Every structure is written in structure tokens, then in C-alpha cells.
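To keep things clear, I will list the structure first and then write my remarks on it.
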Amino acid sequence: MTAPAPPAPFDAPWHAQAFALAVALNEAGLYSWSDWTERFGADLRAARAQGPLDGSDDYFAVWLTTLEAMLRAADPALLSGLPDWTRAWTEAYLTTPHGQPVRPTAP
């Protein structure tokens, strides 16, 4: 009899990437892990107050919200171009044919 495969730790590649980015920025000294967990806990509580979370995309959406807040607190200039990049990625995603790589043009 074969043992069942363990569950994947992340439901989507971007979940793992967001997690790894938060860890790398902590290791680079942008913020302490205790500051991260305090902020992330507060952001999770706020999100849960608006409704239950399924622990997948919605959980990592909060993770990204926290990451953006931590980056803004560490160095506001780090995210100065974020709105332009968000628009560029959105446009690229919406106009790229299915199955093709999404490549935004620089804003």
C-alpha cells in the first residue's frame, strides 16, 4: 500500500512566491519577523471581520496587503511605482492570449 501524498503547502505558485518574498525581505533586514507577524495578524483579523477566509487566495491577498504596508513603512519610495505597474500587469493579463506568457511593458 502506498501512503497518500502530503498536501501541497501552497495552493498556487504565487502564494509560495509571496511567502518567499516576505521571508527574503525579513532576512534582508527590512523588518523584523515579530513586526511582520503583529501586522499580518492585525490585517487577518480585519479581513475576517468582513467575512470568513478560505485560507487560499484570500489569505495570501491579506499577506500581500501586509507586505505592501511593511514595505511602505520601511521605505515609501520602494512602492512609488506600484500603481503604474499594477495597471501594466492588469493590461497585459487582460490582453495576452490564453496559454501565452504575460509580459507587461514598463510603465
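Would you calculate a helix-derived [θ] at 222 nm for the chain, using -39,500 (n - 2.57) for each DSSP H run of n ≥ 4 and dividing by the full residue count, to the nearest 500? Walk me through the intermediate numbers first.
Values: 4 runs with 64 residues, N = 107.
My calculation for the chain gives -20000 deg cm²/dmol from helical runs alone.
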So the FRET efficiency between Glu27 and Gln100, C-beta based with R0 = 35 Å and rounded to 0.05, is 0.55
Subtracting the Cα-Cα distance of Thr90 and Gln50 from 0.36 nm times their residue separation yields 11.8 nm
To the nearest Å², the heavy-atom accessible area per residue of the chain with 1.4 Å probe amounts to 71
Largest fluctuation, Ala47, Ala92, Ala16 only, Gaussian network model of the chain with Cα springs under 10 angstrom, belongs to Ala92
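Taking all protein chains in place and a 1.4 Å probe, what share, in percent, of the accessible surface of the chain do carbon and sulfur account for? Before the final figure, lay out each step's value.
Working: 4510 of 7640 Å².
Of all accessible area on the chain, carbon and sulfur atoms account for 59 percent.
Taking N as the number of residues in the stretch 24-107, what value does Rg over Cα atoms divided by 2.2 N^0.38 Å take?
Numbers: Rg = 15.5 Å, N = 84, 2.2 N^0.38 = 11.8 Å.
Cα-based Rg divided by the globular estimate yields 1.31.
The values are calculated or read from the model by the stated rules, or taken from the named source; none is laboratory data. None of the values given here were measured: they were computed from a predicted structure. FYI the Cβ positions are ideal-geometry reconstructions off the backbone, even for glycines, and counts take in every protein chain you see. Just so you know, the surface numbers come from the protein's heavy atoms only, side chains and all, with ligands and any DNA or RNA stripped out. Shrake-Rupley method; radii C 1.70, N 1.55, O 1.52, S 1.80 Å.
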